[in-house]
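In what follows, a single structure is set out as structure tokens and then discussed.
The values are calculated or read from the model by the stated rules, or taken from the named source; none is laboratory data. If you're wondering where the values come from, they're calculated on a predicted model, not measured in any experiment. In this analysis, Cβ positions are derived from the backbone assuming ideal geometry, glycine residues included, and neighbour counts consider all displayed protein chains. Surface accessibility is based on the protein's heavy atoms, side chains included, excluding ligands, DNA and RNA. Shrake-Rupley method; radii C 1.70, N 1.55, O 1.52, S 1.80 Å.
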Amino acid sequence: MTAPADIAAALRNHAEGSYCLAAAAELLIAQSWLHRADFTSRFITVHRSPGSDKPMAVIDWPAVVTALGTSLPCSGGEQRMLKITASLADGIPVDLRDTLTGLDDRNIQLLITAIRRASGKPS
């Protein structure tokens with residue numbers, strides 16, 4: 001298993017140059033998903049960038065969203081945050097009325113920071 005810090009660095013490398021990918025990467029890193037083997041082993045692929053040889057992490061967001069509520073156990077709040085993260089990272093549609101309902105204060109703050117990052121504003 002790749003260490004969470006190494007995956008985080010590889011996610012940041014992959015996100016370079018894209019505000020939305022960077023926002024999604026930081027949103028995911030701020031949660032517990034990189035410490036869960038059932039997430040990292042199934043949905044994250046780490047490879048080397050051909051040009052720089054830096055590690056790059058790619059997430060199969062459609063597979064993540066499909067697994068929510070079935071083969072990826074998580075709380076309702078975790079599910080909602082992953083849906084928002086998938087939308088930022090891969091453009092997967094999310095129903096904000098349903099998704100924002102019930103988020104706790106910590107997740108709302110993470111989301112506000114992610115929205116600022118995605119829009120190119122300092123966080």
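Shape class of segment 1-56 from the alpha-carbon gyration tensor: oblate, with a/c at 1.5 or above and b/c at least as large as a/b. Highest GNM mean-square fluctuation among Thr99, Thr85, Thr66, for the chain modelled with Cα contacts below 10 Å: Thr66. Label 7 Å along Cα→Cβ of His47; segment 9-24 residues with amide nitrogen under 16 Å? Those under the cut-off are 10-11, 13-15.
Using the Cβ-Cβ distance between Thr2 and Arg106 with R0 = 25 Å, the FRET efficiency computed as 1/(1 + (r/R0)^6) comes to roughly 0.45. Once the 1.4 Å probe is applied to the protein heavy atoms, the chain comes out at 54 Å² accessible per residue. Element breakdown for segment 1-104 at a 1.4 angstrom probe: carbon and sulfur atoms account for 55% of the accessible area. Here Asp95 and Ser71 are evaluated by their C-beta separation; at R0 = 25 Å the FRET efficiency comes out at 0.70.
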